[in-house]
Amino acid sequence: MRLVVVALACALSAGCASRPVGVLEPVEASAADTSTVDLLVATTRAPSDNAGIVYTGERGPGVSLSAFTVSIPPDDRRTVGQVQWPRQLPPNPATDFATVDVKPLPTVKAAKGWLDTHLPPSRRVLIFVHGFNNRFEDAVFRFAQIVHDSGSEVAPVLFTWPSRARVFDYLFDRESTIFSRDAFEETVWQVASDPRVEDVTIMAHSMGAWLAMEGLRQMAIRRGTLPAKISNVILASPDVDVDVFASQWRALNGPKARFTLFVSQDDRALQVSRRIAGGVDRLGLIDAQKYYADLEKSGIVVIDLTAMRSGDDALNHGRFASSPEVVQLIGQRLINGQTVTDSEVSLGDRIAAGAMGVGQAVGGAAGLALSAPLAVVDPATRRTYQGQVEQFGRTVNETAQDPGAD
């Protein structure tokens, strides 16, 4: 256990380059060859009086809706899979991600108007749910990066829930997902029931996977089934207890949507979470071969990213977004409704073909016990928490005694 904590501390200290807070205030400057991504945002966060923050990490009185336009630097000045955070304010669009427009949407009707004008010819919508320890700006810029780098022909909808973005506010964040469950369900229902929308993909990361599964489970129970327009559900590095996922899956009653899991057996954040959870397997850490029979039975495709390079992700927890190959796979194959197999997608030896070619599933052997990570820290968005890391080490050593730990 001590080695795990040390590894986490090293990852934090190596990746926590300081950056300014409050980067979302729109800039007037522009630069040649930049790209823009328009996002519809639904959030249960409390509004902020600071125009650069927009929404805080606290819980709001209801669902707030807004439209964002994010500028992304020219491709020759950035690396696919990375968010170029400004080193100073205001951001420079030539080199940094920058917000160029923020527009509050006072009603659901206004949000549907935005959706109407931003639906691509495919009439597809991508709904993204972020994970633990994310500021509002983290969620906005990360999703803009995913949409841009994946080349997805979609209308992007971000659902963001209250996260204080502090490692040791895990319990607050966890309860915030429960607080946001109804709002997520309603957001998905409003999108899927829009007659102009033809196809919906839901993508959720880490703790956000629990929120997504709970919202879908609740929708299936309340309405009898999931909307037929939900064609894809992508769970990336889901910090989910496999037994709870099994319960959630059964409640979906044989969904028609294609479920895809991105797993990695060297995900450091989930390794710590598994220890804290009493050694119960986390969904994002599963060995596809170990669960082969259950996976094959339920039809959930598992893509094992263990062998893939991590880029700047020292915790191996965000490969779905930081790896150019994976983020482009999401946009070019999964969202377009194609089944991923090693014969259809050439990603080289970095993706374990054994997990891709089986059409495996997780149904009978998966779930989230909600003991998501005290240690889930996305290296692309975290702040310096050296004191918290030290406290974390003491807490783990005191409360998670494992006789077999290193």
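The values are calculated or read from the model by the stated rules, or taken from the named source; none is laboratory data. Bear in mind the structure is a predicted one, so any value in this text is a computation, not a measurement. Note that we place each Cβ from the backbone using ideal geometry, even for glycine, and neighbour counts take in every protein chain shown. Side chains included, ligands, DNA and RNA excluded: accessible areas come from the protein's heavy atoms. Shrake-Rupley method; radii C 1.70, N 1.55, O 1.52, S 1.80 Å.
Report the local net charge at Ser30: Lys and Arg +1, Asp and Glu -1, summed over other residues whose C-beta lies under 13 Å from its C-beta.
Taking every Cβ under 13 Å from that of Ser30, the sum is -4.
What is the gain in length, in nm to one decimal, between Ser18 and Thr117 on full extension, counting 0.36 nm per residue of separation less the C-alpha to C-alpha distance?
Value of the extension gain: 31.9 nm.
Pop out the ³J(HN,Hα) list for segment 186-201 in order, Karplus 6.51 cos²θ - 1.76 cosθ + 1.60 with θ = phi - 60°, rounded to Hz; leave Gly and Pro as x.
Rounded to whole hertz, the list is 5, 4, 4, 5, 4, 5, 5, 8, 5, x, 7, 7, 10, 8, 10, 10.
What does the charge count near Arg123 come to, summing +1 for each Lys or Arg and -1 for each Asp or Glu among other residues with Cβ under 13 Å from its Cβ?
-2
How much accessible surface area, in Å² rounded to 10, belongs to the heavy atoms of Leu24 with a 1.4 Å probe?
0
If the cut-off is 22 Å between C-alpha atoms, which lysines fall inside it for Lys109, apart from same-chain ones fewer than 8 positions away?
Lys229
Report, by chain and number, residues whose modeled amide H sits under 5 Å from the one on Gly299, excluding near sequence neighbours (fewer than 5 apart, same chain).
Here Ala361, Val362, Gly363 satisfy the definition.
Classify segment 76-196: rounded, prolate or oblate, from the alpha-carbon gyration tensor (a ≥ b ≥ c, eigenvalue square roots; a/c under 1.5 rounded; otherwise prolate if a/b is larger than b/c)?
It is oblate, given that a/c is not under 1.5 and a/b is not larger than b/c.
Taking only protein heavy atoms and a 1.4 Å probe, what accessible area per residue, in Å², does segment 158-257 have with all protein chains in place?
Dividing the accessible area of segment 158-257 by its residue count gives 33 Å².
With all protein chains present, calculate the accessible area of Lys103 using a 1.4 Å probe and round the result to the nearest 10 Å².
110
Points 7 angstrom from Cα along the Cβ direction at Ser193 and Asp101: gap in nanometres?
Going by the 7 Å Cα→Cβ label model, 2.9 nm.
Protein chains only, probe 1.4 Å: how do Asp49, Asp239, Asp199 rank by accessible area, largest first?
Result, largest first: Asp49, Asp199, Asp239.
Straight-line reach from Lys297: which lysines fall under 22 Å, measuring Cα to Cα and dropping same-chain residues less than 8 apart?
Within reach: Lys256.
In whole Hz, with x marking every Gly and Pro, tabulate ³J(HN,Hα) for segment 230-246 from phi via Karplus 6.51 cos²θ - 1.76 cosθ + 1.60, θ = phi - 60°.
6, 9, 9, 10, 10, 10, 9, 6, x, 8, 9, 5, 4, 6, 5, 4, 4
What ranking, highest mean first, results for peptides 115-127, 241-253 when packing means the other Cβ atoms within 10 Å averaged over each residue?
241-253, 115-127
Give me the net charge for the shell around Asp101: Cβ to Cβ below 12 angstrom, other residues only, Lys and Arg +1, Asp and Glu -1.
Every neighbour counted, the sum reads -2.
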